[in-house]
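The values are calculated or read from the model by the stated rules, or taken from the named source; none is laboratory data. Values in this document were obtained by computation on a predicted structure and should not be read as measured data. Methodologically, a virtual Cβ is constructed for each residue, glycine included, from the backbone with ideal geometry; neighbour enumeration extends over all protein chains shown. Side chains are part of the model used for accessible areas, which takes the heavy atoms of the whole protein and leaves out ligands, DNA and RNA. Shrake-Rupley method; radii C 1.70, N 1.55, O 1.52, S 1.80 Å.
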Amino acid sequence: MSIVKIKDLTFKTFIPEAEIQQRVKAVAEKINKDLADKNPLFLAVLNGSFIFAADLMRNITIPCEISFVKLASYQGTTSTGKIKEVIGLNEDLAGRTVVIVEDIVDTGLTMKQMIESLGTRNPESIHICSLLVKPDKLKVPLNIEYVAMEIPNDFIVGYGLDYDQQGRQLRDIYTIVEEK
C-alpha cells in the first residue's frame, strides 16, 4: 500500500490500477453487448472522468462517438450543491443513444440535472456509466446501468478524481488516512 500527501491531507491506496482496469474492461464489454447496434454517443463529464473515459473507449469495440461536457459542483472535499454547465454540447442528440460517462456518482443530484437537461434534446435513450458509485449517499433514484465499482462514502482521489484539482494523475485510487 502506498501513501501520498496532497496539500493538507494524507491518502492511502484504496483500489489499485490493475483492479480498476479489470472493472473498466468488464463495463466496456457489457456496453459492447447491450448497445451493439446503437452507435452510441458517449458524453464524458469533465474534468474527473477523462481518464476513465479514455480507458473505457479503448475497450469499446462497437461503432461510437465521444464528446465532452463540463459541469462543476465540487469545491475541496464537499459538493457545493450548485451545478453549472460550463462547456455545453454541440452535437444533435435527437434520436441518439447517449451514454453519460462519469467518474463518480454520490448524491446523484448532478446526474439527475444532467439527464433532465439532455432529455430536452430528444435522445432515443440515456444511459449512465460511472466508474464509482456511493450507493449510501444517493439522494435521488437513478438507473445507473454501467457501474465499475460501488464504494463507501470515503473521500477519494486519483485516476482522474481530485482534491482541489490535485492528484488526478495518480494511477491508483486513494482514500483519506484518518488522523489518529
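Miscellaneous remarks
- Taking the numbered list (1) modelled with pLDDT of 95 or more; (2) closer than 14 Å to Tyr146 by Cα; (3) part of a helix (DSSP H, G or I) in turn, Asp103 passes all entries but (3).
- Residues in the range 1-25 that are under 26 Å from Ser67 (Cβ atoms) and open to solvent by less than 80 Å² (accessible area, probe 1.4 Å): 3 in all.
- Of all the criteria given as (1) outside any helix (DSSP H, G or I); (2) acidic (Asp, Glu); (3) farther than 19 Å from Ser49 by Cα, the one not satisfied by Glu116 is (1).
- Identity of the residue in the range 31-47, open to solvent by 10 Å² or more (accessible area, probe 1.4 Å) and under 17 Å from the mean Cα position of the chain (by Cα), that ends up farthest from Ile128 (Cα to Cα): Asn47
- Check on Thr78, surrounded by 12 or more Cβ atoms within 10 Å (Cβ to Cβ), at pLDDT below 95 and either within 17 Å of the chain's Cα centre (by Cα) or of a type in the set (Lys, Arg) (or both): no
- If you check Thr175, Thr110 for being modelled with pLDDT under 95 and of a type in the set (Ser, Thr, Tyr), only one passes: Thr110.
- Qualifying residue in the range 118-141 (condition: within 25 Å of Ala18 (Cβ to Cβ), open to solvent by less than 30 Å² (accessible area, probe 1.4 Å) and among the small types (Gly, Ala, Ser)): yes
- In the range 142-160, the residues that are open to solvent by 10 Å² or more (accessible area, probe 1.4 Å) and in contact with a Gly (Cβ under 6 Å, 6 or more places away or on another chain): Leu142
- Just one residue in the set Ala53, Ala28 is open to solvent by less than 10 Å² (accessible area, probe 1.4 Å), part of a helix (DSSP H, G or I) and without any contact (Cβ under 8 Å) to a residue 40 or more places away in the chain; that residue is Ala28.
- Of all residues in the range 56-65 being of a type in the set (A, V, I, L, M) and touching a helix residue (DSSP H, G or I) at 6+ places or on another chain (Cβ under 6 Å), the one that is surrounded by the most Cβ atoms within 10 Å (Cβ to Cβ): Leu56
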